[in-house]
Each structure stands twice: as C-alpha cells, then as structure tokens.
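S.K.: For reference, the structure I am asking about is given below.
The values are calculated or read from the model by the stated rules, or taken from the named source; none is laboratory data. This is a predicted model, so every value here is computed, not measured. Because the Cβ atoms are built from the backbone with ideal geometry, glycine has one as well, and the counts that use them run over all protein chains shown. In case anyone asks, the SASA skips ligands and DNA or RNA and just uses the protein heavy atoms, side chains included. Shrake-Rupley method; radii C 1.70, N 1.55, O 1.52, S 1.80 Å.
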There are 2 protein chains.
Amino acid sequence: MNLERLACLNDALLSAGLDALALNPSPSLVYLTGLHFHLMERPVVALFAAGQQPVIVLPELEMLKVEGLPVRAFPYGENPASWQAVFRRAVESLGLTGKRIGVEPRAMRLLEFGYLRAGAPEADFPDASQVVSRLRVRKDADEVAAMRKAVQIAQSALEATLPSIKVGMSEKEIAAELVIQLLRHGSQSEMPFAPIVSAGPNSANPHASPTDRKLQPGDLLVIDWGAAWEGYISDLTRTFAVGQVEAEYEKIHRIVQEANAAGRAAAKPGARCAEVDLAARAVIERAGYGPYFTHRTGHGIGMEGHEDPYMRADNEQILEPGMAFTVEPGIYLPGRNGVRIEDNVVITESGAECLSDLPRELRVVG
Amino acid sequence: MNLERLACLNDALLSAGLDALALNPSPSLVYLTGLHFHLMERPVVALFAAGQQPVIVLPELEMLKVEGLPVRAFPYGENPASWQAVFRRAVESLGLTGKRIGVEPRAMRLLEFGYLRAGAPEADFPDASQVVSRLRVRKDADEVAAMRKAVQIAQSALEATLPSIKVGMSEKEIAAELVIQLLRHGSQSEMPFAPIVSAGPNSANPHASPTDRKLQPGDLLVIDWGAAWEGYISDLTRTFAVGQVEAEYEKIHRIVQEANAAGRAAAKPGARCAEVDLAARAVIERAGYGPYFTHRTGHGIGMEGHEDPYMRADNEQILEPGMAFTVEPGIYLPGRNGVRIEDNVVITESGAECLSDLPRELRVVG
C-alpha cells in the first residue's frame, strides 16, 4: 500500500466526481498497492472508495499477500458458485450500491466486470483511465531511477549479445540469446515484452515476431527489446547491417537516425506531444519516405510498454516534467527491409533526459 | 487460419444458438487462426459469424499479419476517434446487428467490448467460454506432442539448474538461473509464467513470488516452473530439502508424494474431475493434514497455464481422451514450510499418460 499515492487517488476521485475506483490485477493496482496477482480464471478486484479503507475481493489462497496491509479482504473459496455473493458483500461494505465506480477498460476483463456489476447492479461504471493515468504519468525520482537502471540493463545485455550474432543464426535464436543476456545482466524475469528480432523482409514489419528465418548477408536487422527493473521497464530499438547492405538501406538508416534526433530535440516541458511526432515525421517526409513511416513516433513508458503520453500528430497533450516516453521513428519498405531507432526520454524541468545512449549509427554485425 | 478448427467452431456456434463469436487477442484466437497480437491500447477483435468468412478489426500497422489469409480485414489508423466507425462497419458487414455474439469474459477486456458493443448496440453478448473450451479441451496428437516437448524442456532445464543451487542464494537468483536454463534448453522466450521459487516460510504460500530471501539449511524449497513450445506449455512442481530438514517436513513430503500418485492413478476416461481431486485429497486428509491442502488438485493445461478441466471436488465434468491437466497436491504449514508435487497428465483412450517423469522423492540440494 502506497499511502501517499492513495491520498492522491482520493483527491483525484473527488475532482472527477467518482465515488470509487475498481481495479483488477494491473499495473495501476501495483502502482497504488504494490500487490501482484496473476490474471487468471479467479477474479481479483480492489475497490478504492473515496475516504474509506480499500477493499479487495480475492481467492482465499492469495490471502497471505494482503496479511497485515491496511486493506479489508473479502476472500472466496474454490467453488465459483460462491463468488458472486462475496463481491456483493464487498460492494455493500463500502456503500457503493447505485454509486459511480470508475474502471480501467484497458485492464479490466469482462470476467471481473461481470462479478462487479452483478455486485453493484445499480451503479455506473464510467471510464476512469484518465484519473489513474494522470497520477501515473509524472514519474517521481525513484521511478526514473528504476527506468534508468532498466535501460542500462537492456543496453549492456545487447552489447553482450552482439558478438554472438552470425550469418545463419535464426531470429528466434538471436532473441533467445538476448533474453538470456537480459537475465544475466539483472532484468526481472518477467520481461516487459518478448524482443522483436526481425531481419531482411521481416524487418519491414514493425510488429514482427521472431521467426526461424536465418540471417543473411545484406539484411537489415531490427532488434526491439527491453528490460524490467523493480517493475519499471525500458524499450529500445537499434537497427544493424548484416555485412554490406544496399545503398538505399544505408540512406534510410541515416534518415531515421536524423528523425530520432529531431524527435528527441523536440521533447521539453510545455511542448505538445504532437510536436515530438511532427518533428521526427518532418525529417522522414522531407526525405520522401513519409508513406513508409506507418506508426506514431512514440508511446509513454513506465510500468507498461505502452501508456500515456502518446507521441501522435493529433495529440495536444502538453509535456510535463516526469513524463517518460519512447522516440521511435522508422521507415519500412514493404517486401524489402526496414529501420527503426528507439530511445527512452524523460521530461525534466528544463528539457529532457535521454536515458539511452547506445550508439545509433548503422553498426555492422554477423 | 486453421480451417478444420473453424469448421468445428461453425458447428459449435449453431448448436449453441449463437450467431457469431468475438475474440480479442487470446489463446482462443491463436487456436483458431494462428494470429498473435499483443494486448495493448489498440483494440483487436476477430468476428467469426456462422457460415461466413471471418472478419478482423485491427490497426493498419498490423495488416502484414493477415495478408493472404482467408479473413476480411477492417484496419484503422492511429487516431482513436476513427476506431468506432471501423468496428461498426465490421459488424454490419456480417449482418450481426441485433444478433447473438458470444464472448470470452476471461480474455476480453472492457476496451474491446466497448468498441464491439457500440458497433452492435442491439446485439446480445452471451458468455461463450464453454463453446470455445469444448473445442480446445480435447488435445489432438500434435498438441500433445508439443506439450510433451514443453515438459522435456522444463525437466532438463531444472536438472541443469539444480547443481548451481547453494545455501545463501536468493529465491530470485535461483529463478533467474532457471529461466536462463529454460531458454538454453529451447523454451520459447515468452514463458507460460514466471517460475515460483520459494523456500522456508515462503514455501508455505502456494502462490509466492521469488524474493531476496537467501536459502538456508533446513529449508524446504518449492520450485514451480514450466516451458513453452510451439504455443503449448508445461507446468511442473518439485520440492527439495536444503540439507537436513525437520522430520515433519520429510513426512509431509511423503504424504504429498502419495497424494500425487493417487491423483494420477484416478485419471482415466470416464472418471469425473472430482474423483481426481478427491483421490489426492483423501490421502492428505487421512494423514491429518486436510486443512493444510488449501487449493484444488489441478487445472487444465494446453495453450494456457490455467484452463478447463479443473480438478475440483465439486466438478462433475467427465474426463475424455485428449484432456490434459495438472495433478498438484500440496501441504502448507503456515509460518513454517510447504510442499507441492505437480505433474502433467493427458487422458488416453485407456487411461492416462503422465508427460513428466522427473524423480518425485525428496532430493537434497544446496
């Protein structure tokens, strides 16, 4: 339980006109309580009602996790037929019948919501994503320190992996070696995401999964990876040349490198998220590759790989100190090869700190 | 796209009186289509309407994943304001306005459901978990072969980890080494779950997460781990003695070993799930430790760590050939130590095959 954060939540609920917030196992639950639960067939829901002690509905066999915490637990047994009544008692204990209970649609499943709604049939369940996001979006010094460490782990793990990358290795083999190095260098074993290792035509797919395709001379090799440290993550991308590559591939790499620098340079307090996107995008458009930069320039990072703020051309959100996000422009030539270069940035009082400093020029591997 | 499985789904929808099934990124989506998507802030929903080609709503930047597949794609751009209209067009293209569209509450989030419901405001959305589960619950020979391989990887990874386990190592360090060995032995890098490594008093918590607590002489050490192979998983547990342990700990280990054997022996076609649970539970109750076996005896496994069928005392479901599940009785002495022994079993035409054969007696480590 983080009492300071719970106090901020209490204020935020009142300003948002909400009587309570309901969370299932999710990064927001960890942020407020430190409590980790697997998402499984047994529903777990925590209820934060303004001005009251938090309540949690959970399986009996998870009770040890909340022992001694300032939270009122409503445990249930193994038979699902008994669960609904427990949810109802939890809702009634907070006087939430007919009230406004905010939820996070991105995290809550119909499983938890079904029990919650049946427990509070006359309540409203507005989207409270922004209420929680506004608390989480400005990282404090401890959070930034954890992210800095997650970047350092990721960078040293990649450097340790590069010497073993050879022509003939498959994308999956490279990904497995990288994950091993991430663990050796201290990443938490629950990675933020499975690394993307994509080469040749696969590198033209921004969201590729590693395949059995073997590395070939002339490929571009995109590696998009991250580490986790104390619940905070890093999310980086570098693109490599497998031996000599086509002149156009070197060219698009230079353009993306310049776009990445322009995006980072636009990141400062008071700027709009759109400005970061447009700064990176302008470089690529000027070079004539606009149609091949098919995604936004970045997304927030912290406890999750994707969270507020989003660096999109239509996002007028103002950057504030403590906001952390990726800058990751790319150029993808369909059926051919692709490039992406991604860094992690935190807004400071006077500008921005780039947490990542791994070389960005086109390095040769294999 | 697995056309055979889609044909079975079509029949199942008709028998269940459903017009369609809606899936978000989930094991069931992979089962039917082979399509993997990250769960993120961009909603992805596939619609399977009886007798029609499947439809999928997805971000434009994921379009490569569905290229050439027999599925009609409705892509959307980066601006969320445009998404709702795309969902509506997808629903209307299948004539699903006002129809019965089944969903999986355990997988679908309010995020996807919100877009789906707004796209089909007059439709009903019944729980279709059982429709999909009945397809997935009987594993075919290829699925069993993948699970067998996932068990072999897990077993050899544990054997490779055991020699490095020493007094003074932390649970987290042991878990990190085990994950490295899982990858070295060929597990997919997206693990089914983070291993549980819990020793001493922590081993009395069935759902413990690894901590910084260092291994001490006299501890019981519970390791609950698994590997993934071609999308199928294993889920095993063994308990070890760190040097000499209390006589009672040796005793509860013998009881749990006997309970595990009794549970496995009760697994055969035609038996009820409850019988497997009760067979294991009876051994522990007869020995006077009934109150310390605080969870069900097992859960189904396949593409997920927890799925049908569940080995619970109140589950009358009949075991059929191809059903796969864990047998994992335990005894947990609060504040002291705990034991769990878990194997993976598949029902055959004549009995059951135990996929795991790692020694179950109390081995000494450290």
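S.K.: Condition (residue is within 14 Å of another protein chain (Cβ to nearest Cβ), under 30 Å from B:TYR31 (Cβ atoms) and in a strand (DSSP E or B)) applied to region B:192-202: is it met by at least one residue?
M.R.: Yes: one or more hits.
S.K.: Examine region B:296-303 for a residue that is more than 20 Å from the chain's Cα centre (by Cα) and of a type in the set (Ser, Thr, Tyr), and state whether such a residue exists.
M.R.: Within region B:296-303, not a single residue is more than 20 Å from the chain's Cα centre (by Cα) and of a type in the set (Ser, Thr, Tyr).
S.K.: For region B:17-28, check the following and say yes or no: at least one residue is open to solvent by 60 Å² or more (accessible area, probe 1.4 Å) and either modelled with pLDDT of 95 or more or in contact with a strand residue (DSSP E or B) (Cβ under 8 Å, 6 or more places away or on another chain) (or both).
M.R.: no
S.K.: Which one of these is more than 26 Å from A:LYS149 (Cα to Cα), more than 10 Å from every other protein chain (Cβ to nearest Cβ) and open to solvent by 10 Å² or more (accessible area, probe 1.4 Å): A:ARG312, A:ARG264, A:ARG254?
M.R.: A:ARG254
S.K.: Does A:LEU110 count as within 10 Å of another protein chain (Cβ to nearest Cβ) and open to solvent by 20 Å² or more (accessible area, probe 1.4 Å)?
M.R.: Here the answer is yes, as A:LEU110 does meet what is asked.
S.K.: Which numbered condition trips up A:ILE180, out of (1) within 21 Å of A:ILE301 (Cβ to Cβ); (2) open to solvent by less than 30 Å² (accessible area, probe 1.4 Å); (3) within 8 Å of chain B (Cβ to nearest Cβ)?
M.R.: In the conditions (1) within 21 Å of A:ILE301 (Cβ to Cβ); (2) open to solvent by less than 30 Å² (accessible area, probe 1.4 Å); (3) within 8 Å of chain B (Cβ to nearest Cβ), A:ILE180 misses (1) alone.
S.K.: Further question on the same structure: Anything in region A:73-93 that is of a type outside the set (Ser, Thr, Tyr) and under 14 Å from A:ILE56 (Cβ atoms)? List them, or say none.
M.R.: Scanning region A:73-93 gives A:ALA73, A:PHE74, A:PRO75, A:TRP83, A:VAL86, A:PHE87, A:ARG89, A:ALA90, A:VAL91.
S.K.: Could we say that A:GLU285 is open to solvent by 50 Å² or more (accessible area, probe 1.4 Å), among the acidic types (Asp, Glu), out of contact with any Lys or Arg (no Cβ under 8 Å at 6 or more places or on another chain) and not in a loop (DSSP other than H, G, I, E, B) here?
M.R.: In short, yes.
S.K.: If you don't mind, there's one more thing I want to ask. Scan region B:86-105 and give yes if some residue there is within 7 Å of chain A (Cβ to nearest Cβ) and touching a residue at least 40 places away in the same chain (Cβ under 8 Å), otherwise no.
M.R.: yes
S.K.: Related question: Return only the number of the condition from (1) more than 25 Å from A:LEU61 (Cα to Cα); (2) facing chain A (nearest Cβ under 10 Å) that B:HIS207 does not satisfy.
M.R.: B:HIS207 satisfies all of (1) more than 25 Å from A:LEU61 (Cα to Cα); (2) facing chain A (nearest Cβ under 10 Å) except (1).
S.K.: Given the options B:ALA160, B:ALA128, name the one that is in contact (Cβ under 8 Å) with a residue 24 or more places away in the chain, surrounded by 23 or more Cβ atoms within 10 Å (Cβ to Cβ) and either of a type outside the set (Asp, Glu) or within 11 Å of chain A (Cβ to nearest Cβ) (or both).
M.R.: Going through B:ALA160, B:ALA128 in turn, just one is in contact (Cβ under 8 Å) with a residue 24 or more places away in the chain, surrounded by 23 or more Cβ atoms within 10 Å (Cβ to Cβ) and either of a type outside the set (Asp, Glu) or within 11 Å of chain A (Cβ to nearest Cβ) (or both): B:ALA128.
S.K.: Within region A:45-64, how many residues are under 17 Å from A:SER28 (Cβ atoms) and either of a type in the set (Ser, Thr, Tyr) or within 14 Å of another protein chain (Cβ to nearest Cβ) (or both)?
M.R.: Residues flagged as under 17 Å from A:SER28 (Cβ atoms) and either of a type in the set (Ser, Thr, Tyr) or within 14 Å of another protein chain (Cβ to nearest Cβ) (or both) within region A:45-64 amount to 2.
S.K.: Step by step: first the residues of region B:36-49, then only those that are open to solvent by less than 30 Å² (accessible area, probe 1.4 Å) and at pLDDT below 95, then the one that is nearest to B:ARG138 (Cα to Cα). Which residue is that?
M.R.: Residue satisfying both the conditions and the ranking: B:PHE37.
S.K.: What strands (runs of 3 or more DSSP E) completely inside region B:320-366 contain at least 2 residues that are in contact (Cβ under 8 Å) with a residue 12 or more places away in the chain and open to solvent by 10 Å² or more (accessible area, probe 1.4 Å)?
M.R.: Because the criterion is at least 2 residues that are in contact (Cβ under 8 Å) with a residue 12 or more places away in the chain and open to solvent by 10 Å² or more (accessible area, probe 1.4 Å), the strands (runs of 3 or more DSSP E) in region B:320-366 that meet it are B:352-354, B:363-365.
S.K.: Hey, another quick one. A:LEU61 - would you say it is within 24 Å of the chain's Cα centre (by Cα) and among the hydrophobic types (A, V, I, L, M, F, W, C)?
M.R.: No.
S.K.: Testing A:ALA146 on (1) modelled with pLDDT under 95; (2) under 19 Å from A:SER28 (Cβ atoms), one condition comes back false. Which one is that?
M.R.: (1)
S.K.: Determine whether region A:229-241 contains at least one residue that is open to solvent by 10 Å² or more (accessible area, probe 1.4 Å), assigned by TED's automatic domain parsing to the domain that holds A:PRO192 and part of a helix (DSSP H, G or I).
M.R.: No - not one qualifying residue is present in region A:229-241.
S.K.: Still on this structure: Looking at (1) surrounded by fewer than 23 Cβ atoms within 10 Å (Cβ to Cβ); (2) within 12 Å of another protein chain (Cβ to nearest Cβ); (3) touching a Leu at 6+ places or on another chain (Cβ under 9 Å); (4) within 23 Å of A:LYS65 (Cα to Cα), can you tell me which one B:GLU171 breaks?
M.R.: (1)
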